[in-house]
Amino acid sequence: VLSLLLNWGHRWPCTPVSIMAHSQGNLIVSNALMQYSALMSGRAKTTDPALAALIARGPAKIHVFAVASPAMSWPTNSFISVHSYWHRYDPVTAMSGGRNMRGTLQGNGTITSWGFGHSLSTYLDDKPLVDSVCRYLGLKPPSLAAR
């Protein structure tokens with residue numbers, strides 16, 4: 001993920017770069033974005049000239065749709081935004097140590113259902129989640145497409 005963002009972030013055809021991650025994918029994306037954030041903000045240094053040239057271009061704008069995330073933290077800065085989606089009784093999201101609940105209170109998290117399901121298909125069957133992602137991407141939500 002880090003390599004993809006460094007090498008392709010500025011060449012991506014749409015802005016911001018949108019990433020949707022489910023479950024463990026959130027842990028991978030969160031770790032990569034922590035490294036990306038450190039490199040782009042100058043908190044991490046490199047002696048590799050090729051990497052320094054990629055960093056010199058500046059950060060790409062990135063938006064993450066974190067579905068059923070157990071990630072404990074995400075980077076916070078002006079070029080990365082994260083919106084969490086979770087089911088109230090999903091045991092995996094509980095592993096985030098309450099991060100999803102705080103996200104909801106801060107306006108960047110959505111309790112999409114009171115269900116127990118954790119599978120991606122359970123989340124994709126969740127109308128508020130799909131409608132929210134579609135609206136953010138500027139697409140017509142499937143619930144309105146038939147009208």
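The values are calculated or read from the model by the stated rules, or taken from the named source; none is laboratory data. As the structure is a prediction and not an experimental result, all values here were calculated from the model. We place every Cβ from the backbone using ideal geometry, glycine too, and count neighbours over all the protein chains shown. Each accessible area value is taken on the protein alone, full model and side chains, heavy atoms only, with ligands, DNA and RNA left out. Shrake-Rupley method; radii C 1.70, N 1.55, O 1.52, S 1.80 Å.
Go through the range 117-147 and give me each residue that's modelled with pLDDT of 65 or more, open to solvent by 60 Å² or more (accessible area, probe 1.4 Å) and in a loop (DSSP other than H, G, I, E, B).
Of everything in the range 117-147, those that are modelled with pLDDT of 65 or more, open to solvent by 60 Å² or more (accessible area, probe 1.4 Å) and in a loop (DSSP other than H, G, I, E, B) turn out to be 125, 138, 139, 140.
Restricting the search to the range 1-31, which residues are surrounded by fewer than 18 Cβ atoms within 10 Å (Cβ to Cβ) and part of a helix (DSSP H, G or I)?
Across the range 1-31, the qualifying residues are 2, 3, 4, 7, 8, 24, 27, 28, 31.
State all residues of the range 1-38 that are aliphatic (A, V, I, L, M), in contact (Cβ under 8 Å) with a residue 40 or more places away in the chain and farther than 18 Å from residue 118 by Cβ; if no residue qualifies, say none.
Selection gives 5, 6, 17, 19, 33, 34.
Could you check the range 1-40 and list, in sequence order, the residues that are at pLDDT 90 or above, under 27 Å from residue 124 (Cβ atoms) and of a type in the set (S, T, N, Q)?
18, 23, 24, 26, 30, 31
Please work out which residue is modelled with the highest pLDDT, limiting yourself to the range 56-74 and to residues that are surrounded by fewer than 19 Cβ atoms within 10 Å (Cβ to Cβ) and farther than 21 Å from residue 13 by Cβ.
Taking the candidates together, the pick is 56.
Residue check, residue 101 against (1) modelled with pLDDT under 85; (2) open to solvent by less than 70 Å² (accessible area, probe 1.4 Å), all met but one. Which one?
Just one mismatch for residue 101, condition (2).
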